[in-house]
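Read the figures in this text as sums done on the coordinates, not as results from a lab. Computed from a predicted model, the values in this text were never measured in an experiment. Every residue, glycine among them, receives a Cβ derived from its backbone with ideal geometry; neighbour counts consider all protein chains shown.
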Amino acid sequence: MRKWAFALSAVCVVALAGEPAFAAEAKRKPPYYASIGAGRARMRTGPARTYPASWLYQRADLPIRVVAVFHEWRKVADPDGTEGWMQANLLRDTRTGIVRGAAPVELRDRPDTSGRVLWRAAPGVVGRLSQCGNGWCRLDVKGQAGFVDIASLWGVEAGESLP
């Protein structure tokens with residue numbers, strides 16, 4: 001009897017914990033932003049490993065936009081507009097942004113144009129986003145952080161707020 005109860009409880013634990021991480025993410029309704037979590041991630045032409053790879057990303061934290069969901073696959077768009085399919089386990093919910101434009105952007109000590117300039121980030125620099133609101137986001141690039149005008153970033157919408 002004891003063995004039976006133990007086996008039953010083990011099956012319940014496996015059933016509850018065995019739910020893939022992408023199941024919770026699948027409940028989010030596209031489009032939404034995420035980031036590449038793996039150091040090497042393949043984009044494919046379709047939602048299965050049998051489809052050919054169209055791109056190999058070797059840049060963890062690169063922001064992507066999830067535009068469709070199919071089982072454990074996500075159709076994503078990168079900052080350049082390239083679209084394809086990636087496995088959900090290669091992505092994470094961490095919000096990141098990439099500096100866009102032709103000139104470096106200024107990272108300020110407060111979300112205002114009168115704020116003191118702390119750093120400058122060149123186009124193509126990727127950082128983690130937080131405290132977004134009123135047209136500004138806090139961008140953290142490997143410990144160098146400051147507030148940036150949302151218009152200079154890809155990975156966040158103009159009216160979006162982040163904690």
Fill in the blank from the handout: For the pair Y32 and A151, the simple spin-label estimate (label points 7 Å beyond Cα toward Cβ) gives in nm 2.9
Exercise for the section: Would you mind checking which residues have amide H under 5 Å from W119's amide H? H placed 1.01 Å from N; only 5 or more apart, or other chain. Expected result: L107
Practice task
Please say if the range 32-163 is rounded, prolate or oblate, where rounded means a/c under 1.5 for a ≥ b ≥ c the square roots of the C-alpha gyration tensor eigenvalues, and otherwise the choice is prolate for a/b larger than b/c and oblate otherwise?
Solution key: prolate
Handout entry: For the range 86-101, 3J(HN,Hα) per residue [Karplus equation, 6.51 cos²θ - 1.76 cosθ + 1.60, θ = phi - 60°, Hz, x = Gly/Pro]
Key = 9, 5, 4, 6, 8, 10, 9, 7, 4, 8, 10, x, 10, 6, 10, x
Fill in the blank from the handout: So, for the Cα atoms of the range 39-101, Rg and Dmax in Å stand at 11.1, 37
Completion exercise
Listed by chain and number, the aspartates and glutamates with an alpha carbon less than 15 angstrom from that of K142, same-chain partners under 8 positions apart left out, are D61
Handout entry: Length gained when the stretch E83-R59 is fully extended (0.36 nm per residue, less Cα-Cα span)
Key = 7.0 nm
Practice task
Would you pull out the residues with amide H under 5 Å of L62's amide H, same chain only if 5 or more places away, H placed 1.01 Å from N?
Solution key: I36
Fill in the blank from the handout: Under 5 Å from the placed amide H of V67, counting only residues 5+ away or on other chains, we find K75, V76, A77
